[in-house]
Amino acid sequence: MALALKSISERARRISPEKKIRLAVIPLKATESPRFADKGFGAYLTEQLSSALSSAGPAIRLFERSRLDAVLKEQALSSSGLMDESEARKIGELAPIDYLLTGTFTRLDHSVSIQARYLDVVSGEVVASLSESLELTPDLAGLFEDLQARPAQGTDPRPAANPCEAKWGPIQKLMEDIGTQEKVERLVREASAIPFEGACGKIHDQVIWHLVRYGQHSTRYRQFLVGVLPSIQSPDDDERTGPILSYLETEPGLEEGEWKAIQGLMARSRRPWGYLDLLLRDRENSEASRQVQMSRVGTLLKEAQARRIGRPVPMEVGRLFTQILGRLRPAGSKSTDLRAAFLCYERFGAEFGMDGDKELLTHLAHLFTHSSGAPRARALTWLGQRIAAAEPSRDLADQVVRLHEGLLKEAEKGKVPAVREVPRTPELDRLASLCGRRMAEVLPQVVNRESRIELKRFCLAHGISGAEVPSLEELLKQLNAEPVHERQEALRMLAALGERGRAAEAQVLKLLRRADIQSGWGGQMRYLQRDLLDFAGVIRTGDPELQRILARHLTSLESLYYEAAMQSLARIGAPVIPLLKDDYGRVEQYPKQLIARTFGLMGAPAKAQIPWLRAMMGSAPNVHVRNALEDAIEALEGK
């Protein structure tokens, strides 16, 4: 059965992989059979499905079974089996869910065939369907009745009388008109006289949904329902739980007595996380209400720490903290009010947060990404500390890669050359100091080659050593490797060292000489030559011959080369200005434009050359050269 449950759970996660889904499970119904009758298998299968989906991760939020029963009963809908589109849409209008899981099962001689499907409650469409087969073990066979073995029995055709009709009649009459608060209170007074238990207590299901539907509220009835909660010892199986909670949800917040009563339900539940949204609700969103909220969070965490929440196995306090933080963190990139989540982590994160919990890392990453200023700095500190404390794993490597790539994207503006220095920002430096060693240790678990290279470059730039981080000697050796891509990778690593990479200057010069002798390389070697030219600028080469090679490539017909040469000369700055001015008088019109562009890219070191650029502009016979010179002057004056 485990494989079938896993398959159904995984299919749910694939319905909408980019966001969380709210899912309700309709009990699966047995197909008609002349031989076998369901004697508990449907309830057992539904419970197993609910447990599997509840454990499938934070992407799936399961709607409480008791609350769903109340919706189905109110709408006179079948509580099991396959639903049509209109029924699915009707449920979607009344319950806060996105999808329904429904289906049937068929008892065969040696197996049970399950047909399940997921329905979109907005459109009513079937978004996924699947078929699974379970081996019929003796335990499962005991959940069916063999009809052929049943002895014939007589039946009484007379319907049984409803002993509650006399009590229900007056209440149902009052429900026909609740247009004023006085009439509402009259209805509540009659209903509260009937205990919410047993067969006659089912009238409260109708009263609750009637009041909820028409938006009527009664403090007296609310107190009556809260008084019922302590008597519910098995909230997952008690049909009263769902209707009562639905009524309590109609008000913005919970009074202290109400909160404690619902917290009692949570403590006795097999699915305690289902109560968190209501227990953590804060619709005032004020400083005072957040303090009350944090006090309640502290109570829940202490109860979990004392192993008093959840049955049959108490919930781990670290897991509960992660669930709480996730609910206090508004979903979606447009949600900016993160104050409650920040306050929660500040107060309880150090004590209750679990090291290595990937969900906790995801929540902290969200706080970091969607905040600014001092809160963003705090979130980065928390995230870095958690990464440093976690054991290396594939999940941790994925989290590190996402965080690092996000910071790189913010640091790199515009188009960048193929070989470049590693950006240095305060946040990247802070990350290196917090968890740089752990980032080096997860390198073996990073699957994507490009991501692995960038992480190695990050480590090299910040002086972080590790088994997977190459040394300078290893990189110099790799620069002489035969495969071209190995040389290119070595150049990128050496570029991460900045000017410390000058140890490779002689090898770079040698390779560029050979390219000149052979009139340039072809194929993949062309890109290696481009990377060599770019690397010369990264290390701010002071070698006159290497500077001359860069300047000579401004006369190249290949943009691949002259763009890299231009960027490198601009990086080197003042030392190459005499060389560029000397070349300007000897080259053709287009190289003149490239020299002008180089001055414009150079910035401050070239500002003193503005008079010379104006003089060249006045004497330039070519309009394109004049335009390039004018653009360079404007760029320098603007910097």
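All of the numbers you see were taken from the coordinates with simple rules; none came from a lab. On a predicted model such as this, the values are computed, not experimentally measured, just so you know. Positions of Cβ are backbone-derived with ideal geometry, glycine not excepted, and every protein chain shown enters the neighbour counts.
Relative to a virtual label point 7 Å from the Cα of Q115 in the Cα→beta-carbon direction, which members of the stretch 13-46 show backbone nitrogen distances below 20 Å?
Those under the cut-off are 25-39, 41-43, 45-46.
Please enumerate, by chain and number, the aspartates and glutamates with C-alpha under 13 Å from the C-alpha of K39, excluding those fewer than 8 residues away in the same chain.
D139, E145, D146
Give the long-range amide H neighbours of S111: residues separated by 5 or more places, or on another chain, with amide H under 5 Å away, using H modelled in the peptide plane at 1.01 Å from N.
The list, which skips near neighbours in sequence, is L136.
Go ahead and run the numbers for FRET between S16 and E249, Cβ-Cβ distance against an R0 of 22 Å, rounding to 0.05. All intermediate terms of the calculation are to be shown ahead of the outcome.
Details: r = 24 Å, r/R0 = 1.11.
So the FRET efficiency works out to roughly 0.35.
Give me the angle, in degrees from 0 to 90, between the Cα long axis of helix 525-538 and the longest principal axis of the Cα atoms of the chain, rounded to the nearest 10.
The two axes meet at around 80 degrees.
Which of V127, V422 has the fewest other C-beta atoms within 10 Å, and how do the rest follow up to the most?
If I rank by nearby Cβ atoms, fewest first, I get V127, V422.
Could you tell me how many cubic angstrom of Cα convex hull volume the stretch 181-268 has per residue? Provide the component values of the computation, followed by the final result.
Numbers: hull volume 7.8 nm³, N = 88.
So the per-residue Cα hull volume is 88 Å³.
In the chain, which cysteines lack any other cysteine Cβ under 4.7 Å from their own?
C344, C435, C459
To test your reading of the geometry: what angle, between 0 and 90 degrees and rounded to tens, separates the Cα axis of helix 623-638 from the longest principal axis of the chain?
70
Which distance in nm do the two modelled labels at D337 and S133 give, with both placed 7 Å along the Cα-to-Cβ direction?
Each label point is offset 7 Å from its Cα along the Cβ direction, giving 5.4 nm.
Based on the alpha-carbon set only, what is the convex hull volume of the chain divided per residue, in Å³? Working shown, then result.
Numbers: hull volume 150.7 nm³, N = 639.
Considering the Cα atoms of the chain, their hull volume per residue is 236 Å³.
What does the highest-first list of 385-391, 231-237 look like by mean Cβ count within 10 Å?
385-391, 231-237
Roughly how tilted is helix 426-441, in degrees to the nearest 10 and between 0 and 90, from the longest Cα axis of the chain?
Tilt relative to the chain: about 80 degrees.
Between I453 and H485, what length in nm is gained on full extension when 0.36 nm per residue of separation is reduced by their alpha carbon distance?
10.3 nm
Using modelled backbone amide H atoms (1.01 Å from N, in-plane), which distant-in-sequence or interchain residues come within less than 5 Å of A30's amide H?
F105
In the structure shown, do any of K167/K202; K173/K202; K20/K358; K409/K456; K20/K260; K20/K302 have a Cα-Cα gap over 20 Å, and if so which?
Result: K20/K260; K20/K302 exceed 20 Å.
Express in whole angstrom the spacing between the alpha-carbon centres of the stretch 209-245 and the stretch 534-586.
Measuring centre to centre over Cα atoms gives 79 Å.
At a 10 angstrom cut-off on C-beta neighbours, averaged per residue, how do the peptides 437-448, 602-613 rank from highest to lowest?
Listed from highest to lowest mean packing, they are 437-448, 602-613.
Residues with amide H under 5 Å of K39's amide H, sequence separation 5 or more or different chain, H placed in the peptide plane at 1.01 Å from N; which?
F144, E145
For the chain, give the magnitude of the charge dipole about the Cα centre (Cβ charges: +1 Lys/Arg, -1 Asp/Glu; no others), in debye to the nearest 20.
About 1500 debye.
Does a label point 7 Å from the Cα of R437, set along Cα-to-beta-carbon, have any residues of the stretch 370-392 with amide nitrogen under 15 Å, and which are they?
The answer is 385-392.
Would you kindly derive the ³J(HN,Hα) couplings of the stretch 603-616 from the backbone phi angles with the Karplus curve 6.51 cos²θ - 1.76 cosθ + 1.60 (θ = phi - 60°), listing them in order in whole Hz, with x for Gly and Pro?
Working through the residues one at a time gives x, 3, x, 9, 4, 5, 8, 4, x, 4, 4, 5, 5, 5 Hz.
Just order 592-598, 523-529, 176-182 by mean Cβ neighbour count inside 10 Å, highest at the front, would you?
592-598, 523-529, 176-182
Points 7 angstrom from Cα along the Cβ direction at A166 and E256: gap in nanometres?
4.4
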